[in-house]
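The values are calculated or read from the model by the stated rules, or taken from the named source; none is laboratory data. Only a predicted model underlies this, so the values are computations on that prediction, with no experimental measurement involved. A quick note on method: Cβ atoms are made from the backbone with ideal geometry, for glycine too, and the neighbour counts reach across all protein chains shown. Surface areas here come from the heavy atoms of the whole protein model, side chains and all, with no ligands, DNA or RNA. Shrake-Rupley method; radii C 1.70, N 1.55, O 1.52, S 1.80 Å.
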Amino acid sequence: MATAYQNLSKYDFSSVPDGSDLSIGIVIAEWNRVITEKLLEGACNTLEKHGVKAENIFIKRVPGSFELTYGARRMAETGEVNAVIILGCVIKGETPHFDYICAGVTQGITELNLMCDIPFIFGLLTTNDMQQAEDRAGGKYGNKGDEAAVTALKMAKI
Ligand code: RBF
């Protein structure tokens, strides 16, 4: 489970399906933008590396992570995408907000996966501080956006 034992950007290229016939939606939170934009960059680069055409990547921005579930549902309702990647970054503060937001998003994405016909991929960083987020957004543990893109391709073809 712990990212510390795994680089999020290291994987077997040949194990990932070709994405040239796929359209992928990405919903991204604007909170902690310095992190989430790096996740987005990783996800887009990885999708394109596996054949997804740039014009078949649809990006929707929402204010914060709590809005990701709604954004993802609206993205799915367009009927234009084969999978939706959800990218956000929640950093622990002094109040219990962190727990409520993380639980809300996790539950929301789980419900979307149960309700809808396409997969929703959990690309939400939930960290104790900014350093842990940077380590997972193109830092020493790779980029969670890359991992989310690989998962989306695998799940879209399952
Ligand atoms: N959104 C995030 O994506 N990451 C955060 O770390 C984050 N921290 C928040 C802390 C507080 C105290 C509040 C009130 C909101 C925070 N949000 C965060 C925004 C939240 O996801 C949502 O956009 C707002 O609560 C509006 O519904």
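Assess whether Lys38 counts as being open to solvent by 70 Å² or more (accessible area, probe 1.4 Å), within 14 Å of the chain's Cα centre (by Cα) and over 21 Å from Thr110 (Cα atoms). Taking the combined requirement at face value, the residue satisfies it.
Selection of first residues in the range 76-91 that are among the acidic types (Asp, Glu) and of second residues that are more than 10 Å from the ligand (Cβ to nearest atom), restricted to Cβ pairs under 6 Å at least 6 apart or on distinct chains, gives the following pairs, ordered by first then second residue: Glu80/Ser23. Looking for something touching a strand residue (DSSP E or B) at 6+ places or on another chain (Cβ under 7 Å), modelled with pLDDT under 95, open to solvent by 10 Å² or more (accessible area, probe 1.4 Å) and not aliphatic (A, V, I, L, M) - is there at least one such residue anywhere in the range 8-20? Yes, the range 8-20 contains a residue that is touching a strand residue (DSSP E or B) at 6+ places or on another chain (Cβ under 7 Å), modelled with pLDDT under 95, open to solvent by 10 Å² or more (accessible area, probe 1.4 Å) and not aliphatic (A, V, I, L, M). Go through the residues of the range 29-48 one by one and say whether even a single one is within 14 Å of the ligand (Cβ to nearest atom), touching a residue at least 24 places away in the same chain (Cβ under 8 Å), touching a Pro at 6+ places or on another chain (Cβ under 6 Å) and in a loop (DSSP other than H, G, I, E, B). Checking the range 29-48: at least one residue is within 14 Å of the ligand (Cβ to nearest atom), touching a residue at least 24 places away in the same chain (Cβ under 8 Å), touching a Pro at 6+ places or on another chain (Cβ under 6 Å) and in a loop (DSSP other than H, G, I, E, B).
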